[in-house]
Amino acid sequence: MKKLIYILMAIVTLSVTSPAFAAKRNIMELPLFERAVLIIKKFETLNHPKDWPYVGYGHQVQPGEHYRRGVQLTEAQADALLRKDLKKLCSLYSEYGKDSVLLGALAYNCGPGVVNKSSILKKLKAGDRNIFKVYTAHCRYKGKWHKGIHSRRITEIVALFVP
């Protein structure tokens, strides 16, 4: 019953207005990658110049990248950067097939180092598909449980996990 409530809550929270969502009535009709993009946009929000060294939707500027401090990315630039980053992360986990998008979305938020050491990856490598509990357990910020991150994890697993 609790899982059902979480699933319904996740679907309701994804009722966002965007061109991709407006074209389809249900987020579950979109391809996995597009679902992941919508979820990340919802939870990351567009960074402002005061958030430096983060630009776009949570992209951390790396040495050698051409982004300048104090310059706001447009929605189109931020979307393109998000897609580029997520595609790169999904390709890191391409050997996991349909789970690559779920792992890529987690890596976008936590980093690939965290995902590579996670019990989620260990379970998937072992062929264990029962990952709901361990996936939703990745919801800590500075060592403390965080309600918003927990909500994000539930949304991600409901929308991106293919049993």
Quiz item: In terms of the Cα gyration tensor, with a ≥ b ≥ c the square roots of its eigenvalues, is the range 53-163 rounded because a/c is under 1.5, prolate because a/b exceeds b/c, or oblate?
Solution: prolate
Quiz item: How large, in Å, is the range 83-132 by the Kirkwood hydrodynamic radius built from its alpha-carbon pairs?
Solution: 10.7
Quiz item: When only Cα pairs under 8 Å and 6 or more residues apart are kept, what is the percent relative contact order across the range 101-151?
Solution: 19
Quiz item: Roughly what would the spin-label model give for residue 116 and residue 76, points 7 Å off Cα along C-beta, in nm?
Solution: 3.6
Self-check item: Cα gyration tensor, the range 109-163 - rounded (a/c under 1.5), prolate or oblate
Solution: oblate
Self-check item: Probe 1.4 Å, accessible area per residue of the range 101-163, Å²
Solution: 50
Quiz item: Taking 0.36 nm per residue of separation and subtracting the Cα-Cα distance, what length does fully extending residue 60 through residue 48 add?
Solution: 3.1 nm
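The values are calculated or read from the model by the stated rules, or taken from the named source; none is laboratory data. Keep in mind the model is a prediction, meaning the values are calculated, not measured. Cβ coordinates were reconstructed from backbone atoms using ideal geometry, including for glycine residues, and neighbour counts include every protein chain displayed. These area figures cover heavy atoms from the full protein model, side chains too; ligands, DNA and RNA do not enter into them. Shrake-Rupley method; radii C 1.70, N 1.55, O 1.52, S 1.80 Å.
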